[in-house]
Amino acid sequence: MQIIGPVTFDEVLTAFHQDHPVARDHGNNTNQDAENVLLLADKMFSTWSKVRLTRAEFREVILPWHLSEGGGFELVPRTGRTVGEAADLLSSRAAELAAANPVCTAKIARFRDAPFSSIYLSTRPVTHDHYADLPTGEGIVHLDGLHRLLAWELSGRLSLPESPTVYIAGDLTPGAPGSVSGSTPDATAGGPRT
């Protein structure tokens, strides 16, 4: 992980609203739910950083429970699954997922070639029902961007030199409680960038 620098929650929300208007008129708009999770993360952690992740690091992001808007196939169990594990499952059972979860499948298909947009993560699970059974202290946890991360991994785009902007809630200082090991400051960043 390459830490670009600290950012304010106002910067995080501005980026979120730019890509994900809460009032966007389309079916299955879950942007308000995602914003609520970001607000919860800010209340819990009050610290945000902008970072760069490698494909391997994106694959290790822990996803919370996901049944897909009333779908019939549990993509992520309540105990969580990494992006890599979920992408591998999707690859091996694509037809079954498409039949059982058409909404989830449509979202993933729509994002495969879509421009990158910001991804939101945290250093620990937030206090929300979908995160209640996740392991704590074992890695970076997804807050928003599940379908996009899966789509970009399945299409091979997380291996490109350009990658999505990532905002992480929580302390990334090595050795700090709840911090993530392996994070390094960006010596070339010259301070926070937005």
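The values are calculated or read from the model by the stated rules, or taken from the named source; none is laboratory data. Here the structure is a predicted model, which means the values were calculated and not measured. Cβ coordinates were reconstructed from backbone atoms using ideal geometry, including for glycine residues, and neighbour counts include every protein chain displayed. Quick note on the areas: whole protein, heavy atoms, side chains included, nothing else; ligands and nucleic acids left out. Shrake-Rupley method; radii C 1.70, N 1.55, O 1.52, S 1.80 Å.
How many residues does region 154-174 hold that are in a helix (DSSP H, G or I) and open to solvent by less than 20 Å² (accessible area, probe 1.4 Å)? Give the steps one after another, and end with the answer.
First, pick out the residues of region 154-174 that are in a helix (DSSP H, G or I): 154, 157-159.
Right, trim to open to solvent by less than 20 Å² (accessible area, probe 1.4 Å) and you get 158.
Final tally of qualifying residues: 1.
Just give me the residues in region 29-51 being modelled with pLDDT of 95 or more and charged (D, E, K, R), in sequence order.
Those that are modelled with pLDDT of 95 or more and charged (D, E, K, R): Asp42, Lys43, Lys50.
Exactly one condition in (1) open to solvent by less than 20 Å² (accessible area, probe 1.4 Å); (2) in contact (Cβ under 8 Å) with a residue 60 or more places away in the chain; (3) not in a loop (DSSP other than H, G, I, E, B) is not met by Leu134; state its number.
Among (1) open to solvent by less than 20 Å² (accessible area, probe 1.4 Å); (2) in contact (Cβ under 8 Å) with a residue 60 or more places away in the chain; (3) not in a loop (DSSP other than H, G, I, E, B), the lone unmet condition for Leu134 is (3).
Restricting to region 70-120, name every residue that is open to solvent by less than 80 Å² (accessible area, probe 1.4 Å), assigned to a loop (DSSP other than H, G, I, E, B) and closer than 23 Å to Pro164 by Cα.
Result: Leu75, Gly80, Ala114, Phe116, Ser117, Ser118.
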